[in-house]
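Colleague: Mind having a look at this structure? Questions to follow.
Just so it is clear, none of the values below were taken in a lab; they were calculated from the coordinates. Computed from a predicted model, the values in this text were never measured in an experiment. Please note: Cβ atoms are built from the backbone with ideal geometry, for glycine as well, and neighbour counts cover all protein chains shown.
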Amino acid sequence: MENNRQNQTKQDDFWDLSDLVPKRKIPSPKATEASVEAVELRLPPRFQAGQTVSDVPLTERFVSPDAERSLRDAQKPEKSYRPKGSLVREVRIYRWKSAYTYYEQFRRHAEHLVGREGRKCPEADFFSYMPQYTQLSKSQMDYYFWWRTNFRQGKCLPAAYSYLLLYLYELINLSEAYQDPASGQESMLRLWLSYREQHPRLDALLREWLCDYSLLHALPPPRLDPGQYRTLLSGCRLKEFYVSAADDTDALGVAMLLFCNNYDYTKSKFYNEESKADYDRVLGGAIRVALRFLRQESGNGLTDTSGMSTLSRDTFSGAVCSWRQKRRIEVDYTSFSHTHELRYIMTDVLKYAENALRANRLIKSRLSIYALSVPLRHCLDAYLATALPPRRRAAAPSLPASVPDYEKRYDLPAVGVSMERAARIEAESWQTTKRLVEAFAGDAEDARERISPATGAKNEEISTPTTPTLPAVPAAAPGELPFARALGDLLPFLRLALKKDKAGERQFALSRGELPDAIADKINTVSMDYLGDILLEEEDGTYTVIPDYLDFLTEQGVIQ
């Protein structure tokens, strides 16, 4: 029994883990007592006003000679230059702050394979986010070199987007010992323009990489078609690089029209297929006139108007690029796209030219002008006097070509307006009215006889309707022809408009209890019947006669 009890005790001890847990130290009573004695603390000296940073002691840190040399080189530009005939004033190029090796293998492969020629082979698809030679299979490698051989010869074979990226990385990493920089710039531009329709993503990359490549190798901006500026450069960080400021080029005027204003005239409700050519020609010419005026006032660089800006950028951002070609670039440039004063001037130039074009097209609404000086307005007026298209009469509306023949039978015949014919129709209608009155006169007599005297009501005589007197058509006064007669008592207002007598127009309108606008609308309504066009237009609150119709008014006796 005793043995069983001992065995049971040993089994219970198996579950006792107290021996395995570290023993807890019991703190001494002195350690738990809180100390209330004063202790002296030493703090570092406080930074005082007027004290320089160098007076505060700093912790010394060891810097190796190599790191110190790299830091010193990174603070001094490796190369700097000043381009001519450009909005870019100065370019400073700095070495990359540290060396890295993970793209060195690609650079060595690019230098080794730069001269390989391809042979004709089937097209092979290829995809990679950051393509490199080591990712190509045998068939993909063969097609890449075949495509590259043809592209160098000016032939653009079909190519996947990753092939184009691989070729761009190759151009970026090849040094001047393996590639002429001007040839590399031309290849970049040609690839961009040739494949941007199939691969729109090239726009966001190449507008920046081409700028970096050109600045790095001190190359002038590539020549672009003026029609491509908006689509190619709309998102570029340094649009000014692509704009030549030389007097013999129109690039600056095109850039001002596209980027240096707050008004997009192509979104105007009057800008359509019919008016597009006039808008582009007239407004583009107005910008060039204003640019020439500002150059004479502020100098060729427009520095008094636009000022200077500085941009710092890392070259070939997002590309496979060796640290040997990677650089940091600082650019001082004359900003035309971020300067408020110049943007306001060019905005008002566009609006001023569009107002003239609207007046030429007989459109009454106008845009507000704020920032144009009087001399600049005179220059624009002299240009617009010869640039605006000739004013044309509004053509009579014609039936659409798609109207079926049976619907044309319901249209009223086209008859010219004639005051004599209108008077004859009115006289005939009065004759018809007279016959109807005479025909029903007998019925009125019978009605009087049928009134019963038994009712005690007094027979009151019912008057027979009399034949109305026909209004006579007013005879034309001496020298007054049908149009003047149609105007009637509105004719004096038209003669005041010929003299541009603003006060007289207002006095005439007040004498009739109307506004000048209402009287002008009545006159234009009459002229629409005769001319198919309005006769009066508003200029600075005064109604004037459109000059095209002065001969007509002379013929009609309005102008004596």
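Colleague: Alpha carbons only, please: Rg and Dmax for the range 142-227, in angstrom.
Modeller: Radius of gyration, then largest Cα-Cα span, for the range 142-227: 12.6, 38 Å.
Colleague: Using alpha carbon coordinates only, what is the Rg to Rh ratio of the range 488-560, with Rh defined as the Kirkwood radius?
Modeller: 0.93
Colleague: Taking 27 Å as the cut-off for C-alpha to C-alpha distance, list the pairs among LYS364/LYS500; LYS79/LYS155; LYS84/LYS276 that go past it.
Modeller: Checking Cα-Cα distances, LYS79/LYS155; LYS84/LYS276 exceed 27 Å.
Colleague: Then there is this: For the range 191-261, give the magnitude of the charge dipole about the Cα centre (Cβ charges: +1 Lys/Arg, -1 Asp/Glu; no others), in debye to the nearest 20.
Modeller: Charge dipole of the range 191-261: 280 debye, to the nearest 20.
Colleague: May I ask you to compute the full-extension gain from ASP540 to ILE363, defined as 0.36 nm times their residue separation minus their alpha-carbon distance, rounded to one decimal in nm?
Modeller: 62.3 nm
Colleague: Using modelled amide H (1.01 Å from N, peptide plane; none on Pro or chain starts), what sits under 5 Å from the amide H of ARG327, excluding residues fewer than 5 places away?
Modeller: Answer set, sorted by chain and number: THR315.
Colleague: Between ASP381 and ALA503, what's the calculated FRET efficiency when r is the beta-carbon distance and R0 is 30 Å? Round to 0.05.
Modeller: 0.75
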